[in-house]
Amino acid sequence: MTAATVTPDLASLRPRQPLAPRLARWGIAVAIVIPVVWSALGLQISWEQVRSAPSDMWAIFTAMFPPEVSPEVVERALPKLMESLWIAWVGTLIGAFFSFFLAFAAATNVTPGWLAWSIRQILNAIRAVPELMLAMILIPVTGLGALTGALAIGIHSIGTLGKLSSEVIEGSDAGPVEAVASVGGTKVQQMRFGIVPQVMPNIVAYWLYRFEINIRASAVLGMIGAGGIGAEIVAQLLFRDFRRAGTVLLLTVVVVLAVDLISARVRRRIITGRAERGPLQALRSMNWWRRVLMVAVAVAAISALAFVLFQFQQALVA
């Protein structure tokens, strides 16, 4: 008589998960859910407002189209749009210049710990103040206009770029620094020839990324009188001229997307060090239906741009 073969239960042999990780996951979930619910209740938003919000937004969106592309609208919008670009560019230059030196002072592998900690707290304090609040503080000093917007964006960019650049410097390889020090290089020469060549590609990429963010910030600052396209958008919305507001928004979106695409391409080129495929090469590698779609979109965009430029030229002639 043979003994019956007993098949072990695999579930019973599997070790049980420790209790501590499960409690930690539930604790994290509760810590996230409770503030979300508390914040939602504190907003005092009714369900009627939530239910009607999509239809109200759609009504405003449909009122903006088709946009009014008249010489007057284009003549008013394009200079303000270019002003937003200049504000973002000048603000980025201010932030890049000052943050570059502060980043070395905030890096723990370059400066003493107490000094790095102090500079980091200064950068944190600068970064904690939004551009809008900085602009409102500067308006009594510098007045309304592009200077206020450029200074607000530049000061805020110092805090953000300084933090990001200091982290890049701390992650640099110590080998080149030791090599420069071994041949008698000074502290400045160690940073100049041992750290700067390593970190500059990433730092420049951060500068370009910050420029993209500053373009959007400059449009918002214009709404409080700090220069840029935001003032024109607010003016058209206050007069309930939604078609003109749609034109201004459309021009803003086109310019921002164009700058983002160019900046992203330059950033990838700097970081990877490799040239990307050009538009024609990318177009040839697509399927035929994607190729037709991209050509149609490009023709429509070029036609719209040509029409806007023609209207702007007519406005200048008039």
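Consider VAL255 carefully, then state whether it is modelled with pLDDT of 70 or more, under 30 Å from MET64 (Cα atoms), assigned by TED's automatic domain parsing to the domain that holds GLU72 and among the aliphatic types (A, V, I, L, M). For VAL255, the condition - modelled with pLDDT of 70 or more, under 30 Å from MET64 (Cα atoms), assigned by TED's automatic domain parsing to the domain that holds GLU72 and among the aliphatic types (A, V, I, L, M) - is met.
Exactly one residue out of VAL74, VAL90 is at pLDDT below 90 and not basic (Lys, Arg), and it is VAL74. Scanning for something surrounded by fewer than 18 Cβ atoms within 10 Å (Cβ to Cβ), closer than 27 Å to VAL188 by Cα and without any contact (Cβ under 8 Å) to a residue 40 or more places away in the chain, does region 132-152 turn up at least one residue? Looking for residues that are surrounded by fewer than 18 Cβ atoms within 10 Å (Cβ to Cβ), closer than 27 Å to VAL188 by Cα and without any contact (Cβ under 8 Å) to a residue 40 or more places away in the chain, one finds none in region 132-152, hence no. In this entry, ALA106 is excluded by the filter for residues that are of a type in the set (A, V, I, L, M, F, W, C), touching a Phe, Trp or Tyr at 6+ places or on another chain (Cβ under 8 Å), in the same structural domain as VAL188 (by TED's automatic domain parsing) and surrounded by 19 or more Cβ atoms within 10 Å (Cβ to Cβ).
Within region 110-121, is even one residue under 25 Å from GLY230 (Cβ atoms) and of a type in the set (Phe, Trp, Tyr)?
no
Quick check on VAL248: is it among the hydrophobic types (A, V, I, L, M, F, W, C), in the same structural domain as ILE153 (by TED's automatic domain parsing), buried (at least 18 other Cβ atoms within 10 Å of the Cβ) and within 23 Å of ALA59 (Cα to Cα)? Against the criterion (among the hydrophobic types (A, V, I, L, M, F, W, C), in the same structural domain as ILE153 (by TED's automatic domain parsing), buried (at least 18 other Cβ atoms within 10 Å of the Cβ) and within 23 Å of ALA59 (Cα to Cα)), VAL248 qualifies.
Scanning region 48-73 for residues that are free of Cβ contacts under 8 Å to residues at least 60 places away in the same chain and hydrophobic (A, V, I, L, M, F, W, C) returns VAL50, ALA53, MET57, TRP58, ALA59, PHE61.
Do the conditions hold for ALA135, that is, is it in contact with a Ser or Thr (Cβ under 7 Å, 6 or more places away or on another chain) and hydrophobic (A, V, I, L, M, F, W, C)? Don't jump to the end; show me each part of the working.
On the way: in contact with a Ser or Thr (Cβ under 7 Å, 6 or more places away or on another chain): yes; hydrophobic (A, V, I, L, M, F, W, C): yes.
Criteria met by ALA135.
Among the residues of region 94-109, are any under 21 Å from GLY145 (Cα atoms), polar (S, T, N, Q) and touching a Gly at 6+ places or on another chain (Cβ under 9 Å)?
no
Can you find even one residue in region 148-162 that is in the same structural domain as GLY227 (by TED's automatic domain parsing) and over 17 Å from ARG210 (Cβ atoms)?
From region 148-162, those in the same structural domain as GLY227 (by TED's automatic domain parsing) are 148-162; that's our starting set.
Cutting the leftovers down to over 17 Å from ARG210 (Cβ atoms) gives us 148.
So far as region 148-162 goes, yes, one or more of its residues are in the same structural domain as GLY227 (by TED's automatic domain parsing) and over 17 Å from ARG210 (Cβ atoms).
For region 70-82, indicate whether the set of residues that are exposed (fewer than 13 other Cβ atoms within 10 Å of the Cβ) and outside any helix (DSSP H, G or I) is non-empty. Looking for residues that are exposed (fewer than 13 other Cβ atoms within 10 Å of the Cβ) and outside any helix (DSSP H, G or I), one finds none in region 70-82, hence no.
The values are calculated or read from the model by the stated rules, or taken from the named source; none is laboratory data. What you see is a predicted model; the values in this text were computed from it and never measured. Virtual Cβ from ideal backbone geometry, glycine too; neighbours counted across all protein chains shown.
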